Amino acid sequence: MRFLAMNDPGDNLFDLTPAQWDEAAARAGESGHEIRFGRSDAEFATGIAWADVLLAQTSTLYGRFPCTAPNLQMIFLLSAGVDKLQPFSNLPAGVAVLNNSGAHSRKAGEYAAMALLMLNARVPEMLAQQRDQVWNMLFSSSLRGRRVTVIGTGDMGAPAARAARLFGAIATGVRTKATPHPDFDRVVAVADLDSVLPETDFLILACPLTAATTGLVSRARLALLPKGAGVINIGRGGVLDQEALCDLLDAGHLGGAVLDVFTPEPIPPGHRTWTTKNLVISPHVSVDDPLTYNPDSFDILWENIRAMRAGLPMSHQVDLSRGY
């Protein structure tokens, strides 16, 4: 097979490299394949006309379709979310789109644990006091018994729930259907989200951005959270009414928030999120590990190619009608 690996022209930290490719092929017992590495528009144009499989970040592919790709069978995305690839109607007909769901799990659980501990210990308030040189003793209770609601039960939401339960918290998962999940104490359907928000101490957003999830956590839903509740977002900025969150933080209804994703990104100078009360910002770095991200992604790729050759379903194929 012929592979085209496109790297981001503006950032080489997560570059796909020949060494990573060779090591992953050796782990998979694969040989005899051809691969080209590209970065420029010209390299994409020549490579996509040649390749059977395209590998790239969704941000690297933004605006590159439609294009002529007569041999293309698969687009393998080095991301879990596929929203930046829209409109899907621009993609070549019959091409399978896969994501690298699973490459984010370890870091997602660690980040969720960090954020939960910070919010529960009132660290955002302590940081504000430090900036203002105010000594005010802020006490907090253990996470044990606190109620954590996670929207999204996939490769980021499930490890977030596991992290919460390690500290004795009670984890409720929210997904399309109320199908039980082993990492959650209970699961409810998204249609019943309003019923669990009033009993939620910490709300974690870990779902993809789709037509169904855009604006899902609205102003009205944020207002259902009890006074002092915390919000964590490791999914996509567009899932959350960011302006409403800032209003409720500044008003003191919500106790704190830790956000890794925003609308827009990057956050422009002077934007109110920089100065919102008890809001901790990380610049979209929560779930990507530079040491393991590409090797894990390559392993996922080979797993799916083996399934394709065997005529079996590919575990990471995206349902474009649902957007994940």
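Read the figures in this text as sums done on the coordinates, not as results from a lab. Given the structure is predicted, the values throughout are model-derived calculations rather than measurements. Note that each Cβ is placed from the backbone with ideal geometry, even for glycine, and that neighbours are counted across all protein chains shown.
Per residue of the stretch 311-321, in order, report the coupling 6.51 cos²θ - 1.76 cosθ + 1.60 (Karplus, θ = phi - 60°) as ³J(HN,Hα) in whole Hz, putting x for Gly and Pro.
Working through the residues one at a time gives x, 9, x, 8, 4, 10, 6, 7, 8, 5, 5 Hz.
Compute the acute angle (0 to 90°) between the alpha-carbon long axis of helix 18-28 and the principal axis of greatest extent of the alpha-carbon atoms of the chain; round to the nearest 10°.
It is inclined by approximately 90 degrees.
Between the stretch 223-242 and the stretch 110-179, how many Å separate their Cα centres?
So the separation of the two Cα centres works out to 12 Å.
Quick one: which residues, 5 or more positions from Gly256 or on another chain, have an amide H under 5 Å from its amide H? H modelled 1.01 Å from N in the peptide plane, none for Pro or chain starts.
Sorted by chain and number, the residues that satisfy this are Val231.
Evaluate the charge dipole of the stretch 178-246 about its Cα centre and quote only its size in Debye, nearest 20, assuming +1 on the Cβ of each Lys and Arg and -1 on the Cβ of each Asp and Glu.
Roughly 160 debye for the stretch 178-246.
As a footprinting exposure proxy, order Thr273, Thr46 by other Cβ within 10 Å, with the fewest listed first.
Final ranking by Cβ density, sparse to dense: Thr46, Thr273.
Quote the relative contact order of the chain in percent (integer), defining contacts as alpha-carbon pairs under 8 Å separated by 6+ residues.
16
How far is the Cα center of the stretch 258-290 from the Cα center of the stretch 1-68, in Å?
First find each Cα centre; the distance between them is then 29 Å.
Treating only the Cβ atoms of Lys and Arg (+1) and Asp and Glu (-1) as charged, compute the dipole magnitude of the stretch 105-281 about its Cα centre; round to the nearest 20 debye.
I would put it at about 340 debye.
Using only alpha-carbon positions, what ratio does the radius of gyration of the stretch 105-281 give when scaled by 2.2 N^0.38 Å?
Working it through for the stretch 105-281, the quotient is 0.97.
How much net charge surrounds Ser315 when only the other residues with a Cβ under 13 Å from the Cβ of Ser315 are counted, with Lys and Arg +1 and Asp and Glu -1?
Net of charged neighbours comes to -3.
Karplus couplings for the stretch 185-191 from phi (6.51 cos²θ - 1.76 cosθ + 1.60, θ = phi - 60°), rounded to Hz, Gly and Pro as x?
Per-residue couplings from phi come out as 5, 7, 10, 10, 6, 4, 5 Hz.
Please list, by residue number, every one of the chymotrypsin sites (Phe, Trp or Tyr not before Pro) in the stretch 128-180 that is coil in DSSP and has at most 15 other beta-carbon atoms within 10 Å.
Loop-located and lightly packed - Trp135, Phe139.
With Cβ to Cβ distances under 12 Å as the rule, what net charge do the other residues near Ala25 carry (K, R +1; D, E -1)?
Cβ neighbours under 12 Å give a net charge of -4.
Determine the dipole magnitude for the stretch 257-324: charges of +1 sit on the beta-carbon of Lys and Arg, -1 on that of Asp and Glu, nothing else is charged, the reference point is the Cα centre, and the result goes in debye to the nearest 20.
The calculated dipole for the stretch 257-324 is roughly 240 debye.
To check you understand DSSP bridge types, tell me what percent of the beta bridges within the chain (both residues inside) are antiparallel, rounded to 5.
If I count the DSSP bridges inside the chain, around 0 percent turn out antiparallel.
Among Ala108, Ala69, Ala191, which one shows the biggest mean-square fluctuation in a GNM of the chain, springs joining Cα atoms closer than 10 Å?
Ala191
Which of Ile305, Ile267 comes first, and how do the rest follow, when ranked by fewest Cβ neighbours within 10 Å?
Arranged by neighbour count, lowest to highest, Ile305, Ile267 become Ile267, Ile305.
For every other residue with a beta carbon closer than 12 angstrom to the beta carbon of Pro290, add +1 if it is Lys or Arg and -1 if Asp or Glu, then tell me the sum.
Counting the neighbours of Pro290, the net charge comes to -4.
In what sequence, highest mean first, do 234-245, 8-19 appear when ranked by Cβ atoms within 10 angstrom?
234-245, 8-19
In the chain, if the dipole is taken from +1 on Lys/Arg beta carbons and -1 on Asp/Glu beta carbons about the Cα centre, which of Gln86, Asn233, Thr292 is farthest to the positive end?
The one lying farthest along the dipole's positive direction is Asn233.
Residue by residue, what Karplus-based ³J(HN,Hα) values in Hz, rounded to whole numbers, does the stretch 206-217 have, using 6.51, -1.76 and 1.60 with θ = phi - 60° and x for Gly and Pro?
9, 10, x, 8, 9, 4, 7, 9, 4, x, 4, 8
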